[in-house]
Amino acid sequence: NGFGATALLSILFASFGFLTFGGASSGFILNNYSTKDFGAVLCRVLTIGTLICGYPIVLSGSRSALFALMKKGENVTESLRLNATKLLLSGVTCIALVLENSGFVVSLNGAITGSSIIYIFPSLMFLRSTQKRLLSGELKMSKSLRAERMLNKFMIGLG
């Protein structure tokens with residue numbers, strides 16, 4: 001029911017946005033509103049706040065993923081962590097300076113975060129939980145568990 005309600009609300013809001021501006025709708029819907037419209041200005045400020053506050057979380061996750069791929073369990077020195085942070089931050093900042101459409105950044109951020117929350121995180125939690133219980137002997141491997149673990153790995157790849 002929750003997914004259905006969310007999908008319905010998303011379709012409803014997208015339809016109203018499109019019906020308001022038609023085919024001339026900008027990719028970032030707030031760009032269609034006047035800069036003197038208080039509600040639109042407030043929404044722009046809140047969007048900027050969301051991007052700024054979410055940025056450290058995404059950067060930290062990206063850095064951790066980079067270390068997991070490159071170092072594979074080795075200890076990461078503070079110097080390396082700091083240099084990686086500078087490199088990632090510089091790269092993202094350079095990309096941000098070149099992009100003219102902030103709607104792309106907002107959409108990409110929403111897509112990555114949404115798919116992580118919906119597909120990746122629950123599957124990772126299930127795989128970690130079942131792995132621990134299998135190793136402790138609390139759980140026995142069965143065909144259905146093997147299939148469910150395989151489907152969760154597929155969901156991670158899909159996400």
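The values are calculated or read from the model by the stated rules, or taken from the named source; none is laboratory data. As the structure is a prediction and not an experimental result, all values here were calculated from the model. Cβ placement follows ideal geometry from the backbone for every residue including glycine, while neighbour counts extend to all protein chains displayed. In case anyone asks, the SASA skips ligands and DNA or RNA and just uses the protein heavy atoms, side chains included. Shrake-Rupley method; radii C 1.70, N 1.55, O 1.52, S 1.80 Å.
Would you check if Phe28 is free of Cβ contacts under 8 Å to residues at least 12 places away in the same chain, over 30 Å from Phe154 (Cβ atoms) and either surrounded by 13 or more Cβ atoms within 10 Å (Cβ to Cβ) or not polar (S, T, N, Q) (or both)? Don't jump to the end; show me each part of the working.
Details: free of Cβ contacts under 8 Å to residues at least 12 places away in the same chain: no; over 30 Å from Phe154 (Cβ atoms): yes; either surrounded by 13 or more Cβ atoms within 10 Å (Cβ to Cβ) or not polar (S, T, N, Q) (or both): yes.
The answer is no for Phe28.
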Original post:
Considering only residues of the stretch 31-44 that are more than 20 Å from Thr113 (Cβ to Cβ) and not in a loop (DSSP other than H, G, I, E, B), which is most open to solvent (accessible area, probe 1.4 Å)?
Top reply: Phe38
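For the structure I just gave you, tell me whether Phe67 is more than 16 Å from Gly110 (Cβ to Cβ) and touching an Asp or Glu at 6+ places or on another chain (Cβ under 9 Å). Reasoning before the result, please.
Numbers: more than 16 Å from Gly110 (Cβ to Cβ): yes; touching an Asp or Glu at 6+ places or on another chain (Cβ under 9 Å): yes.
Against the criterion (more than 16 Å from Gly110 (Cβ to Cβ) and touching an Asp or Glu at 6+ places or on another chain (Cβ under 9 Å)), Phe67 qualifies.
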Original post:
Which one of Val45, Val92, Val98 is in contact (Cβ under 8 Å) with a residue 24 or more places away in the chain and within 22 Å of the chain's Cα centre (by Cα)?
Top reply: Val92
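Only one of Gly103, Gly110, Gly114, Gly54 is in contact (Cβ under 8 Å) with a residue 60 or more places away in the chain, under 26 Å from Leu30 (Cα atoms) and open to solvent by less than 90 Å² (accessible area, probe 1.4 Å). Can you tell me which?
Gly103
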**OP:** Among the candidates Lys153, Lys132, Lys72, single out the residue that is over 28 Å from Ile52 (Cβ atoms) and exposed (fewer than 10 other Cβ atoms within 10 Å of the Cβ).
**Re:** Lys72
